[in-house]
Amino acid sequence: MKNYNERIYYIAFNCLINFTYQQYKLLLKSFGSLTKAFFSSYSDLLKSGLNSKTVFSFVEKRKNFDIERVLNQIEKEKIQICIFSDINYPKLLKNIYNPPPLFYYKGNLDINWDYSLSVVGSRKMTSYGEKIAFSLIPPLIQNNIAIISGLAIGIDSMAHRITIDNKGKTIAILGSGLDYYSIYPSFNKSLVDEIIKNDGLVISEFPLKTPAFPYNFPQRNRIIAGLSKAILIIEASQKSGSLITAKHALEEGREVLSVPADIFNEAYNGNNYLIKKGAVVVNKIDDILDLWCK
């Protein structure tokens, strides 16, 4: 492998072990740079504190790893990289327990993260959830608040769509790779294009060509929670990804807001559960806007 700059080895470690922030810190502490870590021996990597399974997998994959192929695809698809030490790495995200050492993105990273709100909800959106989204999101856009969501079918997609239609900024966080063939759900590829075209942003911490494995989404949800000062739950069951996102938000000291749900519809009683646990009750738009007026 050629001698590349340090940024390239962020990509290399991401591709080979999809490394966590804790692993990133161990490597920097032991080797001083990811460049040195990449070329280190099996025994030296073990001494850094990485577990033997991770080290073995890395050393085996490293033998046939073609970084040029990865870089060519990144360039071909106009994907950009943001690493932990970059000045434009979002400060709110940097301060969570397990921030991604790097993420891939398309679009405009120049977002006022202090004026952003994560909006999530059920994939099986009801007319009630749709009505709430159409009621609350436009006035948020009018107050220059960016809308973050997860591109999933249902409330997430609706949040992105309403934001675009109201000429606001929206940020989509993926549970798959950011390359064209990996974007999930695939029917939202056109929505991704519209987000980018309308000065929005699409982010993934996963290497290119990563399918939408089910276990990616809880990991993705911590970024949705970590990028904003608050999260709005529009519609959710008690065993939903939305509640996992709310849990991440609470762990990171973010404000959780919840719209009251129909008490006769057990499929969406996750909202009322959050309210019982202390979430801010959202009955009107001012209940959200007051967060920026404190």
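The values are calculated or read from the model by the stated rules, or taken from the named source; none is laboratory data. None of these values were measured; they are calculated from a predicted model. Cβ: placed from backbone, ideal geometry, glycine included. Neighbour counts: every protein chain shown. The accessibility values were calculated without ligands, DNA or RNA, using every heavy atom of the protein model including side chains. Shrake-Rupley method; radii C 1.70, N 1.55, O 1.52, S 1.80 Å.
Key figures
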quantity	calculated
D (Stokes-Einstein, µm²/s), Kirkwood Cα radius, the range 231-294, 0.890 mPa s at 25 °C	209 µm²/s
Total charge dipole magnitude, the chain, about the Cα centre, Cβ charges on Lys, Arg, Asp, Glu only, Debye to nearest 20	800 debye
The chain: angle of helix 127-142 to the longest principal axis, Cα-based, in degrees nearest 10	80 degrees
The range 140-191 pair-distance distribution - Cα-Cα, 10 Å bins, rounded %	26, 53, 19, 2
Debye intensity ratio in log₁₀ form over the Cα atoms of the range 169-280, taken at each q of 0.23 Å⁻¹	-1.19
Å³ per residue enclosed by the Cα convex hull of the chain	130 Å³
Cβ-based charge dipole, the chain, positive-most Cα from 166, 270, 136	270
Calculated P(r) of the range 78-133 - Cα pairs past 19 Å, %	47 percent
Over the chain: helical MRE at 222 nm, DSSP H runs n ≥ 4 each giving -39500 (n - 2.57), nearest 500	-12500 deg cm²/dmol
Mean separation of Cα contacts under 8 Å, 6 or more apart, over the residue count of the chain: relative contact order %	16 percent
Cα-derived Rg over Rh, computed across the range 130-221 with Rh taken as Kirkwood radius	0.98
Nitroxide proxy distance, nm - points 7 Å out along Cα→Cβ at residue 262 and residue 86	4.4 nm
Taking the range 66-172 and dividing mean pair separation by its residue count, relative contact order in percent (alpha carbons under 8 Å, at least six apart)	22 percent
Pairs of Cα atoms farther than 20 Å apart, the range 1-105, %	39 percent
Sulfur and carbon atoms: percent of accessible area, the chain [1.4 Å]	52 percent
